[in-house]
1. Restricting attention to the range 84-100, report how many residues are open to solvent by 40 Å² or more (accessible area, probe 1.4 Å), within 16 Å of VAL146 (Cβ to Cβ) and in a loop (DSSP other than H, G, I, E, B).
2. Being hydrophobic (A, V, I, L, M, F, W, C) and either within 22 Å of the chain's Cα centre (by Cα) or under 21 Å from VAL79 (Cα atoms) (or both) is the filter here; which residues of the range 13-38 pass it?
3. Considering only residues that are among the hydrophobic types (A, V, I, L, M, F, W, C), open to solvent by less than 80 Å² (accessible area, probe 1.4 Å) and either closer than 17 Å to ALA91 by Cα or not in a helix (DSSP H, G or I) (or both), which ones fall in the range 101-146?
4. Here are VAL57, VAL72: which of them is open to solvent by 40 Å² or more (accessible area, probe 1.4 Å), of a type in the set (A, V, I, L, M, F, W, C), under 18 Å from LYS98 (Cβ atoms) and at pLDDT 95 or above?
5. Considering only the range 33-49, state which residues are over 30 Å from GLU65 (Cα atoms) and either among the basic types (Lys, Arg) or surrounded by fewer than 10 Cβ atoms within 10 Å (Cβ to Cβ) (or both).
6. Being open to solvent by 40 Å² or more (accessible area, probe 1.4 Å) and not in a helix (DSSP H, G or I) is the filter here; which residues of the range 60-69 pass it?
Amino acid sequence: MTNMLVSAASLIILGLAGYAYYLLTLLYKQGQRQKAARAARIEKITESIQTIALATVQQQCDLSEASIRLCVLLDAIPVLPQPDYRGRFPALHALYDKVKNLPTHEARAQQNKLERRKMDLSRSEWEAELESQILLEAETLAKFSV
């Protein structure tokens, strides 16, 4: 009778060990998929940053749009700890801070011409003030890697 109980207990323990191994394998595979997805996301964001930066250097993208796109992409890179991109690219972030709250699309269309001109003039002044620094930062970002 005790041999049967020991055998039954051994089978239960063996079954639980097998199930634990199965769950650990699933967890490992899930971790690998997450790492691969994270790496793919970093690669895609990096390529986008390089493309926008190159377009900025070649003056195919205006500085305000570039600052918005680049700052948002830099903040979206899933790395911990998050590097100090604001410190590395201060001119881009300075322009971003000035233009990020300007109305766009429908909100801009609803403003009268005088308000739009004032905003456009302010934006142009900010861009002119920071242009040389932003272009240098864009050159660096055209070769960006994490």
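1. 1
2. Listed by number, the residues that qualify are ALA36, ALA37.
3. LEU102, TRP126, ALA128, LEU130, ILE134, LEU135, ALA138, LEU141, ALA142, PHE144 - these are the residues of the range 101-146 that are among the hydrophobic types (A, V, I, L, M, F, W, C), open to solvent by less than 80 Å² (accessible area, probe 1.4 Å) and either closer than 17 Å to ALA91 by Cα or not in a helix (DSSP H, G or I) (or both).
4. From the options VAL57, VAL72, the qualifying one is VAL72.
5. The answer is ARG33, LYS35.
6. GLN60, ASP62
The values are calculated or read from the model by the stated rules, or taken from the named source; none is laboratory data. From a predicted model like this one, the values you see are computed outputs, not experimental measurements. Note that we place each Cβ from the backbone using ideal geometry, even for glycine, and neighbour counts take in every protein chain shown. When the accessible area is computed, the model is the full protein with side chains, heavy atoms only, and any ligands, DNA or RNA have been set aside. Shrake-Rupley method; radii C 1.70, N 1.55, O 1.52, S 1.80 Å.
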